[in-house]
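S.K.: Take a look at this one; I'll ask things after.
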Amino acid sequence: MAARRRLKRVAASQSGFLSFKSPSDTTASVGSRRKRVNKNKKKNWNKYSDVNDVDEFLEDIRHQERTTGGLLSEKTDDSLFFLDLGQPEKPQPQAETPQADEGKKRRGKASRPLRIDLILQPDSLVPPPKDILAYQQPNAKKLRRIAQKAEQLAAKGVVPRKQKRLLNRRPVDKTVKKAVTEANNNPDRDYYDIWGQEPKVSADPWYLQQTGKKLVKRPEKLNEKPSVLPAVEVIAPGGSYNPDFFSHQALLQEAHQVEVQKKKQEDKLERQLAINKEDKATEETNLREQVEGLVEEEEENNVEESAPSKEDEEAALAAIAVTQKKTEKQIKKEKAEKLKEQQRLTSRRQTEQQQQLFQLRSIKASIRQQEEKTKSKQMQRRAKQEAQKAQPRRLGKLKFQAPDLDVQLSDELAGSLRQLKPEGSILKDRFKSFQKRNLIEPRERAKFKRKLKVKYVEKRAFKEIT
């Protein structure tokens, strides 16, 4: 059947084919065929749907909104109808002066709007749409949340930080006049001390911070001195040009102790570097070294042969022990011994805990002794730290070496200042003082090494003489 219909359709589409039906019938069949459309597809909705009634309804609504500002069904009767009471009676015209008549005409002309203004007035009562961008605020949600939080804090009585800063700011005193700088050539001006203390800044700290004129706060650690030693150490009374006998002898004893300590360190170094006489090579030791390893080889071989036999025996015994299985009686006995051991340990632990109750006094005494020991250790540690403050620290790769004491022997003492010989150097003394007070690191003189050799040239004038 489907093939027969397809053949009829193809024949009808060909030119020169005459159908039995009239042309009106053919148009009707074609129209009816077009109406059979699948409405489930979206592309056929607008194409084959009649929406004229909907368009007319929407157009009517738009017309009502333009003319009346809304739907007529929603309007009240008073806004749509009025009561016609006829024309009101006009009062009789009174005789007016020509000047008043002219003024009235002028006022009437002025109150009447121009036609151009009437044309430009909007004829629609529909309100213009709102510009959403004009009502939007950047970060509106965040600002709203901040405002809500500020309201909550204000309800609790908490003042925000920004308001605190504003309250703490000092009010500017406008009555105070600015200080006028005096001329440098004024002899009556105040004396300015360079080394005096800096004047206190009386300006507002907020203003100084915002303008960048606020000075950086000096760290407290920079005010601490690196050493507690004085800048100039006073020498002992024995170092005077005319010292007391006992004070001079005490200074000599101190210098003697320093030299003795140096001598001990030198002797210790010599002992460490000295060669032991027993370690020196002799003919006998040389011969023993040459023969070593030749005679004792046979004895070592015999010992090695006997040793493996013992090891083999031990391994065989261990293998026999492993192969023998434990009996059920032995297994039960081991379990019972383990249980007994656990019970013994638990009972012992309980007895120890009970005994500790009776040892509270001794425990308290031991705790007290321990606290006293810790306190004494803390005091020693503090004393050691205080003593280390007076000692030079290790600031570089070199270690500080104390300078030699300037001491004169008894026969070198002078009776007066005229006969006194100058000793030492002020520059070296200050340099060592800086090192001792941890202001600079210990240094030594740089060794100058010439890279290029000195070239000797004989001048022409010298050649003529020779």
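The values are calculated or read from the model by the stated rules, or taken from the named source; none is laboratory data. Computed from a prediction, not measured in an experiment: that's the story for all the values here. Because the Cβ atoms are built from the backbone with ideal geometry, glycine has one as well, and the counts that use them run over all protein chains shown. For accessibility, only protein heavy atoms count, side chains too; no ligands or nucleic acids. Shrake-Rupley method; radii C 1.70, N 1.55, O 1.52, S 1.80 Å.
S.K.: Of the numbered conditions (1) closer than 24 Å to Leu252 by Cβ; (2) out of contact with any Phe, Trp or Tyr (no Cβ under 9 Å at 6 or more places or on another chain), Leu420 satisfies every one except a single condition; which is it?
M.R.: Here Leu420 meets the rest and fails (2).
S.K.: Spot the failing condition for Lys455; the list is (1) open to solvent by 80 Å² or more (accessible area, probe 1.4 Å); (2) basic (Lys, Arg); (3) within 14 Å of Lys399 (Cα to Cα), and only one is missed.
M.R.: Unmet for Lys455, out of (1) open to solvent by 80 Å² or more (accessible area, probe 1.4 Å); (2) basic (Lys, Arg); (3) within 14 Å of Lys399 (Cα to Cα): (3).
S.K.: For the condition assigned to a helix (DSSP H, G or I), at pLDDT 90 or above and open to solvent by 90 Å² or more (accessible area, probe 1.4 Å), what is the one hit in Lys338, Lys329? Please lay out each step first, then the result.
M.R.: Details: Lys329 fails: at pLDDT 90 or above.
The conditions single out Lys338.
S.K.: Is at least one residue of region 344-366 over 54 Å from the mean Cα position of the chain (by Cα), among the charged types (D, E, K, R) and part of a helix (DSSP H, G or I)?
M.R.: Scanning region 344-366 turns up at least one residue that is over 54 Å from the mean Cα position of the chain (by Cα), among the charged types (D, E, K, R) and part of a helix (DSSP H, G or I).
Conditions tested, residue by residue: (1) surrounded by fewer than 10 Cβ atoms within 10 Å (Cβ to Cβ); (2) of a type in the set (Phe, Trp, Tyr); (3) part of a helix (DSSP H, G or I).
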residue: Asp406; (1), (2), (3): no, no, no
residue: Arg445; (1), (2), (3): yes, no, no
residue: Phe448; (1), (2), (3): yes, yes, no
residue: Ala461; (1), (2), (3): yes, no, yes
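S.K.: Regarding region 39-51, can at least one residue be identified that is of a type in the set (D, E, K, R), open to solvent by 90 Å² or more (accessible area, probe 1.4 Å), modelled with pLDDT of 80 or more and under 28 Å from Pro128 (Cα atoms)?
M.R.: Among the residues of region 39-51, not one is of a type in the set (D, E, K, R), open to solvent by 90 Å² or more (accessible area, probe 1.4 Å), modelled with pLDDT of 80 or more and under 28 Å from Pro128 (Cα atoms), which makes the answer no.
S.K.: Residues being over 16 Å from Gly239 (Cβ atoms) and not hydroxyl-bearing (Ser, Thr, Tyr): count how many of those fall in region 416-427. Outline the logic, then answer.
M.R.: Initially, region 416-427 is screened for residues over 16 Å from Gly239 (Cβ atoms), giving 416, 418-419, 427.
Going one step further and asking which of them are not hydroxyl-bearing (Ser, Thr, Tyr), we end up with 418-419, 427.
Counting residues in region 416-427 that are over 16 Å from Gly239 (Cβ atoms) and not hydroxyl-bearing (Ser, Thr, Tyr) gives 3.
S.K.: Which ones in region 267-285 are in a helix (DSSP H, G or I), surrounded by fewer than 10 Cβ atoms within 10 Å (Cβ to Cβ) and modelled with pLDDT of 80 or more? Outline the logic, then answer.
M.R.: Taking region 267-285 first, the residues in a helix (DSSP H, G or I) are 267-273, 277-279, 283-285.
Now drop any that are not surrounded by fewer than 10 Cβ atoms within 10 Å (Cβ to Cβ), which leaves 270-273, 277-279, 283-284.
Passing the criteria: Glu270, Arg271, Gln272, Leu273, Glu283, Glu284.
S.K.: When region 216-227 is examined, which residues are found to be exposed (fewer than 10 other Cβ atoms within 10 Å of the Cβ) and either in contact (Cβ under 8 Å) with a residue 60 or more places away in the chain or over 27 Å from Ile426 (Cα atoms) (or both)?
M.R.: Going residue by residue through region 216-227, those that are exposed (fewer than 10 other Cβ atoms within 10 Å of the Cβ) are 216-224.
Matches in region 216-227: Val216, Lys217, Arg218, Pro219, Glu220, Lys221, Leu222, Asn223.
S.K.: A further question on this structure: Report, ordered by the first and then the second residue, all pairs with beta carbons closer than 6 Å, sequence separation of six or more or different chains, a first member in region 174-192 that is among the charged types (D, E, K, R) and open to solvent by 100 Å² or more (accessible area, probe 1.4 Å), and a second member that is modelled with pLDDT under 70 and part of a loop (DSSP other than H, G, I, E, B).
M.R.: Going by the 6 Å Cβ cut-off, the qualifying pairs are Arg189/Glu182.
S.K.: Say whether the condition of being in contact with a helix residue (DSSP H, G or I) (Cβ under 9 Å, 6 or more places away or on another chain) and in contact (Cβ under 8 Å) with a residue 24 or more places away in the chain is met by at least one residue in region 415-428.
M.R.: no
S.K.: Determine if region 248-255 includes at least one residue that is out of contact with any His (no Cβ under 6 Å at 6 or more places or on another chain), modelled with pLDDT under 85 and open to solvent by less than 100 Å² (accessible area, probe 1.4 Å).
M.R.: no
For every residue, the table says whether it meets (1) in contact with a Ser or Thr (Cβ under 9 Å, 6 or more places away or on another chain); (2) surrounded by 10 or more Cβ atoms within 10 Å (Cβ to Cβ); (3) modelled with pLDDT under 80; (4) β-branched (Val, Ile, Thr).
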position: Leu58; (1), (2), (3), (4): no, yes, no, no
position: Thr68; (1), (2), (3), (4): yes, yes, no, yes
position: Asp84; (1), (2), (3), (4): no, no, no, no
position: Gln92; (1), (2), (3), (4): no, no, yes, no
position: Gly103; (1), (2), (3), (4): no, yes, yes, no
position: Arg106; (1), (2), (3), (4): no, yes, yes, no
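S.K.: Going through Leu133, Leu125 one at a time, which residue ends up being assigned to a loop (DSSP other than H, G, I, E, B) and within 30 Å of Gly69 (Cβ to Cβ)? Walk me through it before giving the result.
M.R.: On the way: Leu133 fails: assigned to a loop (DSSP other than H, G, I, E, B).
Matching residue, one of Leu133, Leu125: Leu125.
S.K.: Quick check: anything in region 417-429 outside any loop (DSSP other than H, G, I, E, B) and surrounded by 12 or more Cβ atoms within 10 Å (Cβ to Cβ)?
M.R.: Here is the first cut: in region 417-429, the residues outside any loop (DSSP other than H, G, I, E, B) are 426-429.
Imposing the further condition that a residue be surrounded by 12 or more Cβ atoms within 10 Å (Cβ to Cβ) reduces the set to 429.
So far as region 417-429 goes, yes, one or more of its residues are outside any loop (DSSP other than H, G, I, E, B) and surrounded by 12 or more Cβ atoms within 10 Å (Cβ to Cβ).
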